[in-house]
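The values are calculated or read from the model by the stated rules, or taken from the named source; none is laboratory data. No experiment lies behind these values; they were computed from the predicted model shown. Every residue, glycine as well, gets a Cβ built from its backbone with ideal geometry; the counts of neighbours run over all protein chains shown.
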């Protein structure tokens, strides 16, 4: 028994000594110097980051902060020959590219190494570094790879251009630019067989611009005479050509967009040029009635350069400095005559001022028709019906509601065919004071719907 007690006390003493030893070690841990003072090393980029432990993913958060800190040490020096210098006065473009470079560095950073970590009860710290020499080596490798790819596409573009294959020439030039767009701040010089030393970014931009300057879009007639909304009007044509030192070439398969630049008509038509460079406009009959209505015929740059986007720098450059080929078509739109029948009820009573009829008549008169009192002279019969009914009343707020419903139909009097019908239903008006005020509010909302929804639909009919 005595022997067992002796062994027990010996073990207890050893345990106490061990515990005291552990306590001393923990207490002696000090915050590393790199936590309070970021290291400086000529051979490495340094990144130190921390995160509060209340963050559920504090390990990743600290790493992200450290890498962001590391990347901030990598300076961006724009090459003296860079195309970017042509856009220095555009601060928005410069800021956009700098943001893109920073994001690229964050997403593509590699080769960094973890040096140390530290944590206390509330915070977690991490220390990374990246060899400057290794970073520069990999950067050179990526640049050379991009330049070689760009050069290959550039030479293919030149070959297509010499054969007047303008469509493929532009496609290859755009691919050549895309290959180097991550390196616009760097030295993009290379050697070409005929040109010698060139800077790819500048050469690509100038080559595309030169092609654009040689594209000519010309209407087949000075003025086209058409009938509003008619399927049987004179066809509206233009031609796409390419100027050369010797002759003018007709261009096929060139994307073109037709639109109305001087009106609120949002309709566009996209086509490809056919044989002999012919392009046909089928939306001309949607032009407002009257003389000298303008249709813009423009090279569809989106087809090659894509939609606007923060990293679509070539598109931004051409929007800022480039010249996009276009031409103008002038049309004279002959008016149609319309005979109007309308019926309007407001709270069950026939309306003498007919507000919806007046709204529709004004819109239709501005765009398509002249109205006649003689049905025999009319090309179309337009029927309008509308009614406004009382809704609920909120006595607490003295609010009144009213609901408007209307319909319009258009009949071709030459064929007897109804070519258009549309309803606008349950347009809610709400105003304080009276039901008449609520009705006026519903009428205003209906006016907006007629302009934005009904009139564009009427433009598409064919009489």
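If the condition is being in a strand (DSSP E or B), surrounded by fewer than 18 Cβ atoms within 10 Å (Cβ to Cβ) and in contact (Cβ under 8 Å) with a residue 24 or more places away in the chain, then the range 394-406 contributes 399, 403. Only one entry in 316, 209, 286 is surrounded by 20 or more Cβ atoms within 10 Å (Cβ to Cβ) and under 30 Å from residue 103 (Cα atoms), namely 316.
Taking (1) over 30 Å from residue 461 (Cβ atoms); (2) touching a helix residue (DSSP H, G or I) at 6+ places or on another chain (Cβ under 8 Å) in turn, residue 265 satisfies each apart from (1). Within the range 434-463, if we keep just the residues that are without any contact (Cβ under 8 Å) to a residue 24 or more places away in the chain and within 28 Å of residue 282 (Cα to Cα), the residue that is farthest from the chain's Cα centre (by Cα) turns out to be 448. Check whether at least one residue in the range 98-111 is in contact with a strand residue (DSSP E or B) (Cβ under 8 Å, 6 or more places away or on another chain), part of a loop (DSSP other than H, G, I, E, B) and modelled with pLDDT under 95, and report yes or no. Within the range 98-111 (the criterion being in contact with a strand residue (DSSP E or B) (Cβ under 8 Å, 6 or more places away or on another chain), part of a loop (DSSP other than H, G, I, E, B) and modelled with pLDDT under 95), the answer is yes, since at least one residue qualifies.
The conditions of being over 27 Å from the mean Cα position of the chain (by Cα), surrounded by fewer than 21 Cβ atoms within 10 Å (Cβ to Cβ), modelled with pLDDT of 85 or more and in the same structural domain as residue 417 (by TED's automatic domain parsing) are not met by residue 274. Taking the listed residues 336, 360, the one that is crowded, with 18+ Cβ neighbours inside 10 Å, within 39 Å of the chain's Cα centre (by Cα) and either under 17 Å from residue 453 (Cα atoms) or free of Cβ contacts under 8 Å to residues at least 40 places away in the same chain (or both) is 360, with no other qualifying. In the range 289-306, the residue that is surrounded by the most Cβ atoms within 10 Å (Cβ to Cβ) out of those that are outside any strand (DSSP E or B) and modelled with pLDDT of 85 or more is 305.
When the residues of the range 451-463 are narrowed to those that are in contact with a strand residue (DSSP E or B) (Cβ under 7 Å, 6 or more places away or on another chain) and part of a helix (DSSP H, G or I), which ends up surrounded by the fewest Cβ atoms within 10 Å (Cβ to Cβ)?
Here is the first cut: in the range 451-463, the residues in contact with a strand residue (DSSP E or B) (Cβ under 7 Å, 6 or more places away or on another chain) are 454, 457-458, 461, 463.
Narrowing the set further to residues that are part of a helix (DSSP H, G or I) leaves 454, 457-458.
Working: 454: 19, 457: 11, 458: 21.
Per the criteria, the residue is 457.
Going residue by residue through the range 240-247, is there one that turns out to be free of Cβ contacts under 8 Å to residues at least 24 places away in the same chain and part of a strand (DSSP E or B)? No; the residues of the range 240-247 include none that is free of Cβ contacts under 8 Å to residues at least 24 places away in the same chain and part of a strand (DSSP E or B).
Being over 22 Å from residue 353 (Cα atoms), outside the structural domain of residue 230 (by TED's automatic domain parsing), in contact (Cβ under 8 Å) with a residue 12 or more places away in the chain and in a strand (DSSP E or B) is true for just one of 431, 411, 385. Which residue is that? Result: 411 is the single residue among 431, 411, 385 that is over 22 Å from residue 353 (Cα atoms), outside the structural domain of residue 230 (by TED's automatic domain parsing), in contact (Cβ under 8 Å) with a residue 12 or more places away in the chain and in a strand (DSSP E or B).
On the basis of being in the same structural domain as residue 51 (by TED's automatic domain parsing), out of contact with any strand residue (DSSP E or B) (no Cβ under 8 Å at 6 or more places or on another chain) and either part of a loop (DSSP other than H, G, I, E, B) or crowded, with 19+ Cβ neighbours inside 10 Å (or both), does residue 78 make the cut? Spell out the reasoning first.
Details: in the same structural domain as residue 51 (by TED's automatic domain parsing): yes; out of contact with any strand residue (DSSP E or B) (no Cβ under 8 Å at 6 or more places or on another chain): yes; either part of a loop (DSSP other than H, G, I, E, B) or crowded, with 19+ Cβ neighbours inside 10 Å (or both): yes.
Yes, satisfied.
Just to be sure before I move on: is residue 393 at pLDDT below 95 and closer than 19 Å to residue 346 by Cα in the structure I sent? Spelling it out, residue 393 is indeed at pLDDT below 95 and closer than 19 Å to residue 346 by Cα. All told, residue 314 meets the bar of being under 41 Å from the mean Cα position of the chain (by Cα) and within 30 Å of residue 211 (Cα to Cα). Checked against (1) in contact (Cβ under 8 Å) with a residue 60 or more places away in the chain; (2) under 41 Å from the mean Cα position of the chain (by Cα); (3) assigned by TED's automatic domain parsing to the domain that holds residue 413; (4) surrounded by 20 or more Cβ atoms within 10 Å (Cβ to Cβ), residue 366 meets all criteria but (4).
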